[in-house]
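The values are calculated or read from the model by the stated rules, or taken from the named source; none is laboratory data. Remember, predicted model here, so these are calculated numbers, not experimental data. Here Cβ is always computed from backbone atoms with ideal geometry, including for glycine, and neighbour counts include all displayed protein chains. The protein model used for the area step is the full one, side chains on, heavy atoms only, and it has no ligands, DNA or RNA in it. Shrake-Rupley method; radii C 1.70, N 1.55, O 1.52, S 1.80 Å.
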Amino acid sequence: MLTVMLFAQLAEIHGEPMMSVPRVETVKQLRQSVQSLQPAFGLVDFAVAVNRVIVGPEHIIEGECEIALLPPFSGG
Amino acid sequence: MDELRYMAQTSLPGFGEEGQLKLLNAHVVIVGMGGLGCPASQYLAAAGVGRLTLVDHDVVGVSNLHRQLLFDIRDVGQHKVAAAARELECRYPDVRVRSVAERISESTVRTLISDADVVLDATDDIEATLLLNDVCCETHTPLVYGSIYRGSAQLAVFTADDGDFRAAFPVGSSRGSVACSLDGVLGPVTGIVGCYMALETIKLLAGIGKPRTGVLSAFDLLGNNQFDLALPKTHHVVEKQHIVESKQLGTELEVDHVTPREALQLLDDGEAVLVDVRQVIEQPRSLWENTLLMESVNDGNRDHLNKVVVFGCAQGKRSATACKDYSKRYPEGRCASLIGGIPALNAEIKARGCSHED
């Protein structure tokens, strides 16, 4: 399993700031996986960071890593 | 220039008289004069930045005063940029302030930032952020970005070379969050981020320290956490799985809620319109005199897109559904469901002793 940190609206939708997701190979698959677990994530745009680097859909998720999902904020 | 005024910063190693002159000769454009723009403009003016252009179409509301400390009760109803310019020029004689009381738009943005050294995105509107991001990349102007969601904040210096907003966020149709006043925010949260934005601007202008480029900082100010995420230099494209309709969702769509007190404040400030979603025969009728019916947001009139649309019903259930429908129809709009419905709002109006009933 992968442990994914959720920020802001994503944590509120999920009800807690961490989410367990079955291990996947790519960030694209991770996006599909979290959205199947929480369909409302499909309403929020968010960045995926692996080991504190924002990565694209083709990025390979390997070994132990820190994964975070971060939506843009727009309050000011 | 009054040298004594800036002595504390000119004596800072690496800043000096040279840094001060760079500030004096600089032009900074601040878009958004709310919780972030107020502290940012104040610190930049105090530091001796020579020219500030302030852009905001909004007027000061009573509910702004707890976090927008440039304003006081006498400014309520006035354009934020005018009130801010008056205050800043009075306190800081070396700064020339231009106030632009209009919404940033595709047709005006290039002229507004044409000779800016740095632009600050202090808006509460993701469309404005995207517009500023794209034009700043095009013109190679650094964009200092700050934004708030409740007790959390984001901060970055976006540049065309080291990563911009679109490199961080593969933005499609995000509704983003509604204004801070509805999401809820503590004044110091906006103050801290506004000060950070001023600091990043001074660093860029004076060439001191390490600019916060190539990184998006995410702060959880209530939980005492900070994450610095490295930005890619290219844009990612994320394919949406499908257009998500609320009916297809296994979970309920998020709906913003507003208490009767918050709703009344927004209505008083002219920042919101109230829509009663009940049948016309249902009692009690709303005591807010300008209460609209559902038809007014369904008849093609788009005036309500400038305001927060507060939906009210008998208890707060139908209004939540109305919010979801409204958000689907107007993804760019902002709306909230009135907690406790129209009866709770009536009670609040009566409690205030300012009933709007004829």
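What pairs can you find where one residue is in region B:133-151 and away from chain A (no Cβ under 14 Å) and among the polar types (S, T, N, Q), the other is buried (at least 22 other Cβ atoms within 10 Å of the Cβ) and part of a strand (DSSP E or B), and their Cβ atoms are less than 6 Å apart, with a gap of 6+ or different chains?
Partner pairs satisfying both residue conditions: B:THR141/B:VAL119.
Filter region A:32-41 down to residues that are at the interface with chain B (Cβ under 7 Å from one of its Cβ atoms) and either within 30 Å of B:ALA122 (Cα to Cα) or more than 12 Å from the chain's Cα centre (by Cα) (or both), then give me how many there are. Show your work before the answer.
Our first condition is that a residue be at the interface with chain B (Cβ under 7 Å from one of its Cβ atoms); within region A:32-41, this holds for A:32, A:35, A:38-40.
Restricting the remaining residues to those that are either within 30 Å of B:ALA122 (Cα to Cα) or more than 12 Å from the chain's Cα centre (by Cα) (or both) gives A:39-40.
Of the residues in that region, 2 qualify.
Please go through region B:118-132 and pick out each residue that is touching a strand residue (DSSP E or B) at 6+ places or on another chain (Cβ under 7 Å), farther than 22 Å from B:ARG51 by Cβ and either without any contact (Cβ under 8 Å) to a residue 24 or more places away in the chain or not polar (S, T, N, Q) (or both). Give the steps one after another, and end with the answer.
Of region B:118-132, the ones touching a strand residue (DSSP E or B) at 6+ places or on another chain (Cβ under 7 Å) are B:118-124, B:128-129, B:132.
So of that shortlist, the ones also farther than 22 Å from B:ARG51 by Cβ come out as B:124, B:129.
Once the filter is applied, which keeps residues that are touching a strand residue (DSSP E or B) at 6+ places or on another chain (Cβ under 7 Å), farther than 22 Å from B:ARG51 by Cβ and either without any contact (Cβ under 8 Å) to a residue 24 or more places away in the chain or not polar (S, T, N, Q) (or both), region B:118-132 yields only B:ASP124.
Mind checking whether some residue in region A:54-76 is facing chain B (nearest Cβ under 7 Å), open to solvent by 30 Å² or more (accessible area, probe 1.4 Å) and modelled with pLDDT under 95?
For region A:54-76, residues facing chain B (nearest Cβ under 7 Å), open to solvent by 30 Å² or more (accessible area, probe 1.4 Å) and modelled with pLDDT under 95: absent.
Do we find that B:GLY50 is surrounded by fewer than 22 Cβ atoms within 10 Å (Cβ to Cβ) and touching a Leu at 6+ places or on another chain (Cβ under 8 Å) in this structure?
Details: surrounded by fewer than 22 Cβ atoms within 10 Å (Cβ to Cβ): yes; touching a Leu at 6+ places or on another chain (Cβ under 8 Å): yes.
When the stated conditions are applied, B:GLY50 passes them.
Conditions (1) modelled with pLDDT of 95 or more; (2) among the hydroxyl-bearing types (Ser, Thr, Tyr); (3) over 30 Å from B:PRO170 (Cα atoms), marked per residue:
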position: B:SER63; (1), (2), (3): no, yes, yes
position: B:LYS80; (1), (2), (3): yes, no, yes
position: B:TYR92; (1), (2), (3): yes, yes, yes
position: B:THR129; (1), (2), (3): no, yes, no
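Facing another protein chain (nearest Cβ under 7 Å), open to solvent by 30 Å² or more (accessible area, probe 1.4 Å) and under 23 Å from B:VAL215 (Cβ atoms), is that true of A:VAL44? It would help to see each step written out before you state the result.
Numbers: facing another protein chain (nearest Cβ under 7 Å): yes; open to solvent by 30 Å² or more (accessible area, probe 1.4 Å): no; under 23 Å from B:VAL215 (Cβ atoms): yes.
It is false that A:VAL44 is facing another protein chain (nearest Cβ under 7 Å), open to solvent by 30 Å² or more (accessible area, probe 1.4 Å) and under 23 Å from B:VAL215 (Cβ atoms).
Counting only residues that are modelled with pLDDT of 80 or more and more than 25 Å from B:GLY61 (Cβ to Cβ), which one in region B:278-292 is surrounded by the most Cβ atoms within 10 Å (Cβ to Cβ)? Write out each step before concluding.
Taking region B:278-292 as the starting set, the residues that turn out to be modelled with pLDDT of 80 or more are B:278, B:284-292.
With more than 25 Å from B:GLY61 (Cβ to Cβ) added as a condition, the list becomes B:278, B:284-285.
Details: B:ARG278: 18, B:PRO284: 9, B:ARG285: 14.
Only one residue tops the list, namely B:ARG278.
Read through the list (1) surrounded by fewer than 22 Cβ atoms within 10 Å (Cβ to Cβ); (2) in contact with a His (Cβ under 9 Å, 6 or more places away or on another chain); (3) under 21 Å from B:THR10 (Cα atoms), then give the number of the only condition that B:HIS57 fails.
(3)
Residues being open to solvent by 70 Å² or more (accessible area, probe 1.4 Å) and either in contact with a Leu (Cβ under 8 Å, 6 or more places away or on another chain) or in a helix (DSSP H, G or I) (or both): count how many of those fall in region A:21-41.
Going through region A:21-41 one residue at a time, the tally reaches 6.
Just one of (1) open to solvent by 10 Å² or more (accessible area, probe 1.4 Å); (2) in contact with a strand residue (DSSP E or B) (Cβ under 7 Å, 6 or more places away or on another chain); (3) in contact (Cβ under 8 Å) with a residue 24 or more places away in the chain trips up B:ARG67, so point out which.
Only one criterion in (1) open to solvent by 10 Å² or more (accessible area, probe 1.4 Å); (2) in contact with a strand residue (DSSP E or B) (Cβ under 7 Å, 6 or more places away or on another chain); (3) in contact (Cβ under 8 Å) with a residue 24 or more places away in the chain is unmet by B:ARG67, namely (2).
Quick one: how many residues across region B:301-328 are of a type in the set (S, T, N, Q) and surrounded by fewer than 19 Cβ atoms within 10 Å (Cβ to Cβ)?
Going through region B:301-328, the residues of a type in the set (S, T, N, Q) turn out to be B:301, B:306, B:315, B:319, B:321, B:327.
Then drop every residue that is not surrounded by fewer than 19 Cβ atoms within 10 Å (Cβ to Cβ), which leaves B:301, B:306, B:315, B:321.
Here the count works out to 4.
Take region B:185-202 and flag every residue that is more than 11 Å from every other protein chain (Cβ to nearest Cβ) and either touching a helix residue (DSSP H, G or I) at 6+ places or on another chain (Cβ under 9 Å) or surrounded by 20 or more Cβ atoms within 10 Å (Cβ to Cβ) (or both).
B:GLY191, B:ILE192, B:CYS195, B:TYR196, B:ALA198, B:LEU199, B:GLU200, B:THR201, B:ILE202, listed by residue number.
Would a scan of region B:145-156 turn up a residue that is farther than 29 Å from B:ASN224 by Cα and either in a helix (DSSP H, G or I) or not β-branched (Val, Ile, Thr) (or both)?
Start the filter on region B:145-156 by keeping residues that are farther than 29 Å from B:ASN224 by Cα, which leaves none.
No.
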